[in-house]
Amino acid sequence: MVEALTGTHPDRLEEEKRRGITIDLGFAFLEENGVRFGFVDVPGHERFVSNMLAGAAGVDVLLLVIAADESIKPQTREHFDICRLLGVQRGVVALTKSDLVDSDTLELVRLEAEEYLRGSFLEKAPLIPVSAKTRSGLEELKAALHVAASNITAKDASRYFRLPIDRAFAMKGFGSVVTGTLISGSVGAGDEVELFPIGERLRVRGVQSGGKTVERAVPGQRTAVNLAGIEHTALKRGMALATSGKFRKTRRIDVRMELLASARKIKQGASLHFHAGTAETIAEVFFHGQKELSPGGSALANLKLQDEIQVLAGDRFIVRQFSPVVTIGGGVVLDPLARRPMLRDAGRAAYLETLERGNREGILAAMTERAILSLGYEEIVARTAWIDSEILEAVQNVSSSGRVRVVSAEPLVLVSGKLFANVREKIIEKVERHQKDNPLLPGILREDLRSSLGRRVKAETFRAALEELVAQKKLEAPGEVVKKAGAEITLQPEEARAKDQIEAAFAAAGLQVPSVKEVLAKLAVETRRAEKLLQILLREKNLVRVSPELIFHHRALAQLKEQLAGYKKARGERISVPVFKELTGITRKYAIPLLEYLDRERVTRRAGDERVIL
Ligand SMILES: Nc1nc2c(ncn2[C@@H]2O[C@H](COP(=O)(O)OP(=O)(O)OP(=O)(O)O)[C@@H](O)[C@H]2O)c(=O)[nH]1
Ligand SMILES: [Mg+2]
């Protein structure tokens, strides 16, 4: 029938021709009234259902073929179940070989088909008797296909590119080529794409869409991609091409799974054949919150996959019984990067139900709340495949409600409102505790505060929370320290006295300063506290540290600067070290560090052996 419609016989293999049956997928094209149809002909034989499954991925319109001389067969049912579980929305039914039966039989088959399809997505689909032999009904069939194709919602070319691979081969003069049904986004020559599950980045040399060379292939079309830098033997059905650097392969997914009414119940831990896209592997089932799944029912489940695959939320899948191999159900991926099921993880079912509802704000908030540290842009894309405008919109809506906090806009980092409030509280608590324990310190060092919160608080979260507390005037963060707003150091009477003594000692000494040790030793408070008092004096700039060993009173230094200014006026801008010593009456031990200090302060500049007073 495909040959009668398109002029192309889709059976390609020698064995298919010899045995007269279809074994693997076949392809043909038809241009009809401006619509380009890509036919994926699938084998009917039960032994080749896994090939059929690879072809069914991404199909927009089902052409269900029922032979008028045989009516509905078990394989009709299995194929139709699969298409239903994969979420195919439209279709046309062809009653073929109509030339072989009389009109009563044809009418009977029509009634059987109608009865079978009642309540399904094909309930209202046209049933068209055709004959590939006499060509009767073919025009009506084409017209019905045209109507069905016109009613499908077009796939969005602006989304991320994804192509499940159903064939790989070498073409003379071109190299490696893969084909598939483009399920999302677009692809063109020069693009860098990522090969899953291998993770290799490859360059696209050329693209064919619907059988013709094009600049860019658009979704929904049969697509061939010519790849540079890889042998065709390294490529095979079940792999996928996708936008580079956005997605991750997975071996654990959370899903909504439905079991056909005709199937036997599935027990916890059962192994099943799993099909998604063109990929096929084995899955071990864990039901969330229940021990088994009854026929006709559905459940939230965690699937542990034997091989790594690439799937995204919203992707459909099919499961087949381990043995004997028959299709028993399918479903939709909710979380493509699921964690291993844990008894303590009580919130998982509710989380999956949120994912299932599909509301972006709800999903983003729930994802942020489940994130251990924070949720970043890359993680959002890998889990949802949302494009930037969708992420932005969801972030805006959900952050204005306070449920989620943007702690960094570029790159985007989110934390839950709850976690953020908790970090704020902890920061205030730590600052207060530190102040209480260290009354002589001006505050806690930013870095100490950050590490006191533990590794579970990310740098971005800490920064944003601190900024907010400062903006709200709850804390102050001048320089490297953080303190409570308005907090001053309060000294005990004996501390105040000791502080005055230190200052007086240096003030009295002029430039002939005593050693720090000497000054501190004379005080009534112990060394640790005395050192803190000295720190306060240095911070207040009443004392100035000129070298590691030498501290001067600020007035002595101011006087020295005046003295030099006077010298410059009277005797010129140049001054030698001996003259400086003479002028100030100090020894070399003090003179050199002082001159170096003055150089740093840009009061003097070194010029050979002399100084220039600036
Ligand atoms: N008389 C008559 N014979 C037909 C018609 N369509 C197909 N046939 C014959 O029926 C046989 C099977 O047809 P296929 O097209 O191979 O059937 P199929 O559904 O592709 O089978 P598989 O892919 O192997 O599952 C072939 O011998 C065809 O020539 C028709 O409309 N009228
Ligand atoms: Mg066939």
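No value in this document is a laboratory result; all are computed from the given coordinates. The model shown is predicted, which means the values in this text are computed figures rather than measured ones. Using ideal geometry, Cβ is built from the backbone for each residue, glycine included, and neighbour counts are taken over all protein chains shown.
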Diffusion coefficient, µm² s⁻¹, Stokes-Einstein with Kirkwood Rh over alpha-carbon pairs of the stretch 246-337 at 10 °C and 1.306 mPa s: 124
Going 7 Å from the Cα of Ala421 along its beta-carbon direction, which residues of the stretch 332-371 have the amide nitrogen within less than 19 Å of the resulting point? 362, 365-371
Kirkwood radius from Cα pairs of the stretch 517-614 plugged into Stokes-Einstein at 20 °C, 1.002 mPa s, gives D in µm²/s equal to 145
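Given R₀ = 30 Å, what would the calculated FRET efficiency be for Leu111 paired with Val147, taking r from the Cβ atoms and rounding to 0.05?
With R0 = 30 Å, the Cβ-Cβ based efficiency is 0.85.
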Could you give the nm distance between label points at Arg251 and Arg463, where each point is 7 Å from its Cα heading toward the beta carbon? 3.6
Report the semi-axes of the equivalent ellipsoid for the chain in whole Å, largest first, where each axis is √(5λ) for an eigenvalue λ of the Cα gyration tensor. 80, 29, 18
Could you let me know the centre-to-centre spacing of the stretch 81-156 and the stretch 290-343, using Cα atoms, in angstrom? 30
What does the extension gain come out to for Asp437 and Leu343, with contour length at 0.36 nm per residue minus their alpha carbon separation? 29.6 nm
Quick shape summary for the stretch 386-515, equivalent ellipsoid via Cα gyration tensor, semi-axes whole Å in descending order, reads 44, 15, 11
Size of the stretch 461-575 as Cα extents on the principal axes (Å, biggest first): 59, 39, 22
Treating each Cα of the stretch 1-146 as an identical point scatterer and ignoring solvent, apply the Debye formula and state log10 I(q)/I(0) at q = 0.13, 0.21 Å⁻¹. -0.56, -1.63
With a/c under 1.5 counting as rounded, go ahead and sort the stretch 1-87 into rounded, prolate or oblate using the C-alpha gyration tensor (a ≥ b ≥ c being the square roots of the eigenvalues; past the cut-off, prolate if a/b is larger than b/c, else oblate). rounded
Assuming 0.36 nm per residue, please report the length gained on full extension of the stretch Ala234 to Ile428 beyond their Cα-Cα distance. 64.1 nm
Using the Cα gyration tensor of the stretch 166-290, the equivalent ellipsoid's semi-axes, largest first and to the nearest Å, work out to 34, 15, 14
Collect residues whose amide H, placed 1.01 Å from N in the peptide plane, falls under 5 Å from the amide H of Phe27; neighbours closer than 5 in sequence don't count. Asp41
Long-range amide H partners of Glu476, meaning residues 5 or more apart or on another chain whose placed amide H is closer than 5 Å, are Lys483, Lys484, Ala485
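Calculate, for Glu3 and His45, the FRET efficiency according to 1/(1 + (r/R0)^6) with r their C-beta to C-beta distance and R0 22 Å; round to the nearest 0.05.
Step by step, r from the Cβ atoms, then E = 0.75.
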Under 12 Å from the Lys73 label point (7 Å along Cα→beta-carbon), backbone N, the stretch 15-29: 21-22
Compactness of the stretch 242-399 as Cα Rg over 2.2 N^0.38 Å, two decimals: 1.05
With charges set only on the Cβ (+1 for Lys and Arg, -1 for Asp and Glu), what does the dipole of the chain come to about its Cα centre, in debye to the nearest 20? 3000
The stretch 446-521 and the stretch 356-384 have their Cα centres apart by a whole-number Å value of 41
Out of all Cα-Cα pairs in the stretch 444-524, roughly what percent, to the nearest whole number, are more than 16 Å apart? 66
Rounded to the nearest 0.05, FRET efficiency between Ile372 and Val577 (Cβ-Cβ, R0 56 Å) equals 0.35
Rounded to whole angstrom, the alpha-carbon centroid of the stretch 166-194 lies from that of the stretch 242-259 at a distance of 21
Nearest-5 percent of antiparallel DSSP beta bridges in the chain? 90
Taking the Cα centre of the stretch 401-540 as origin and charging only Cβ (+1 Lys, Arg; -1 Asp, Glu), how large is the dipole, in debye to the nearest 20? 720
Spin-label proximity, Ser298 to the stretch 119-149 - amide N less than 19 Å from point 7 Å beyond Cα toward beta carbon: 119-123
Suppose the chain between Lys124 and Ser271 were pulled fully straight at 0.36 nm per residue; how much longer would it get relative to their current alpha carbon spacing? 49.2 nm
How far apart, in nm, are two points set 7 Å out from the Cα along the Cα-to-Cβ line at Glu139 and at Glu393? 4.5
Percent breakdown of C-alpha pair distances by 10 Å bin, ordered from the shortest bin, for the stretch 345-428: 18, 54, 25, 4
Acute angle (nearest 10 degrees) that the helix 360-370 long axis makes with the longest principal axis of the chain, alpha-carbon atoms: 60
Everything considered on the Cα gyration tensor (a ≥ b ≥ c; rounded for a/c under 1.5, else prolate if a/b is larger than b/c, else oblate), the stretch 140-203 must be described as prolate
Determine the calculated [θ] at 222 nm for the chain from helices alone, applying -39500 (n - 2.57) to every DSSP H run no shorter than 4 residues and normalising by the residue count; nearest 500 deg cm²/dmol. -11000 deg cm²/dmol
